[in-house]
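> Structure provided below as structure tokens; questions to follow.
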Amino acid sequence: MENIVVTGGAGFIGSHVVNELIEKNMGPIVIDNLSSGKIENLDPRALFYQQDITDLEMMERVFMLHKPRYVFHLAAQISVSQSVKDPIEDARINILGTLNLLNLSVKYGVEKFIFSSTGGAIYGDDVSEIPTSEKEFPKPFSPYGIAKFSVENYLRFYSEQYGLKYVALRYANVYGERQDPHGEAGVVAIFSKRMLANDEVIIFGDGENVRDYVYAGDVAHANVLAMEKVENEVINIGTGIGTSVNELFALLKEITGYQKEPVYADPRPGDLRKSILKWDKAKELMGWEPTVKLEDGLVKTVEFFRTEMGASE
């Protein structure tokens with residue numbers, strides 16, 4: 001059995017990657033400090049270390065012990081708005097923490113490093129085409145996006161300098177079961193929970209900000225394909241379909257049976273106006289395509305939160 005490290009594996013997207021690996025009879029070794037991840041997200045068959053990627057000594061122990069062949073790196077400070085408030089902390093985790101892992105990957109002979117990047121925050125608002133392809137030069141608007149692009153550049157350096165193979169997956173707005181309300185697509189989790197509790201739902205700005213929502217199960221599948229099929233590539237993972245916040249509100253309102261109207265508030269700093277990703281390259285190089293329609297994925301997500309909230313009452 002291959003040794004495969006998944007950082008952030010108890011988190012929202014990371015736990016879906018762990019599930020996908022276990023389904024393929026691969027034994028993931030999860031590293032997560034549980035700052036946003038939850039132990040209940042984890043399949044008990046995964047080996048778990050509650051550690052922080054910024055702790056070099058502990059990371060070295062894990063790499064020395066397991067000598068992983070592949071590393072899936074999903075651990076991160078995940079909030080765009082928080083990165084705007086505290087760019088230094090964002091860089092400490094998202095850049096310096098990643099450099100710890102890259103150095104150890106070289107030292108212990110990791111074959112391939114699969115990095116969870118961002119397709120929204122990395123391109124910025126000033127793009128030449130929408131949907132946006134990987135040919136677009138990134139102009140990130142937030143420290144979160146800047147950090148992700150910095151890591152992509154480090155990946156190219158480590159590949160050229162040390163021969164470390166990599167894949168950087170630029171996600172659209174990922175949503176689904178176990179979603180964290182603080183991530184880029186946290187609006188789905190926030191709206192779902194507030195609607196199910198019959199609380200007010202706040203929309204920042206005019207609700208016409210557009211995002212490309214991609215289901216977590218499809219994203220997890222993309223990660224495994226990246227491990228198996230490609231190297232030294234940057235690849236968008238999205239649907240090519242844009243949905244405004246107002247449209248998302250209407251869809252979730254219908255699914256949950258929510259009766260109230262939204263409350264509009266001032267826009268948040270760092271929020272993009274429009275972000276939709278082309279996924280042709282993922283199809284061409286990996287045979288990947290999105291399989292779950294937004295409406296179907298939202299139904300699954302709402303049902304998850306309905307069950308979770310019912311269990312906690």
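The values are calculated or read from the model by the stated rules, or taken from the named source; none is laboratory data. Every value quoted in this text rests on a predicted model; they were computed, and no experiment measured them. Reconstructed Cβ throughout: ideal geometry from the backbone, glycine too, with neighbour counts over all protein chains shown. Accessible surface is based on the protein model in full, side chains and every heavy atom, while ligands, DNA and RNA are left aside. Shrake-Rupley method; radii C 1.70, N 1.55, O 1.52, S 1.80 Å.
> Among the residues of region 287-305, is any at pLDDT below 95 and at positive phi?
The answer is no, given that none of the residues of region 287-305 is at pLDDT below 95 and at positive phi.
> Take the residues in region 22-61 that are closer than 22 Å to A220 by Cβ and β-branched (V, I, T); name whichever of them is most open to solvent (accessible area, probe 1.4 Å).
Step by step, filter region 22-61, then rank; the result is I39.
> Of all residues in region 148-170, which are among the β-branched types (V, I, T) and either assigned to a strand (DSSP E or B) or on the phi > 0 side of the Ramachandran plot (or both)?
Hit for region 148-170 is V167, nothing else.
> Which one of these does S83 not meet: (1) under 18 Å from the mean Cα position of the chain (by Cα); (2) open to solvent by less than 30 Å² (accessible area, probe 1.4 Å); (3) modelled with pLDDT of 95 or more; (4) closer than 30 Å to T301 by Cα?
Looking at each condition in turn, S83 falls short on (3).
> Quick one: what pairs do we get from region 256-280, first residue free of Cβ contacts under 8 Å to residues at least 12 places away in the same chain, second open to solvent by less than 60 Å² (accessible area, probe 1.4 Å) and in a loop (DSSP other than H, G, I, E, B), C-beta under 9 Å, 6+ apart or different chains?
What qualifies is E261/V201.
> Enumerate the strands (runs of 3 or more DSSP E) found wholly within region 199-308, keeping only those where 1 or more residues are surrounded by 15 or more Cβ atoms within 10 Å (Cβ to Cβ).
Filter on region 199-308 gives 202-204, 213-215, 233-237.
> Further, regarding this structure: Kindly list, by first and then second residue, each pair from a residue in region 97-112 that is aromatic (F, W, Y) to a residue that is modelled with pLDDT of 95 or more, limited to pairs with Cβ atoms under 7 Å and residues at least 6 apart or on different chains.
Y108/F63; Y108/M64; Y108/K67
> Quick check: anything in region 174-197 open to solvent by 40 Å² or more (accessible area, probe 1.4 Å), touching a residue at least 12 places away in the same chain (Cβ under 8 Å), outside any loop (DSSP other than H, G, I, E, B) and farther than 21 Å from R306 by Cβ?
Within region 174-197, none of the residues are open to solvent by 40 Å² or more (accessible area, probe 1.4 Å), touching a residue at least 12 places away in the same chain (Cβ under 8 Å), outside any loop (DSSP other than H, G, I, E, B) and farther than 21 Å from R306 by Cβ.
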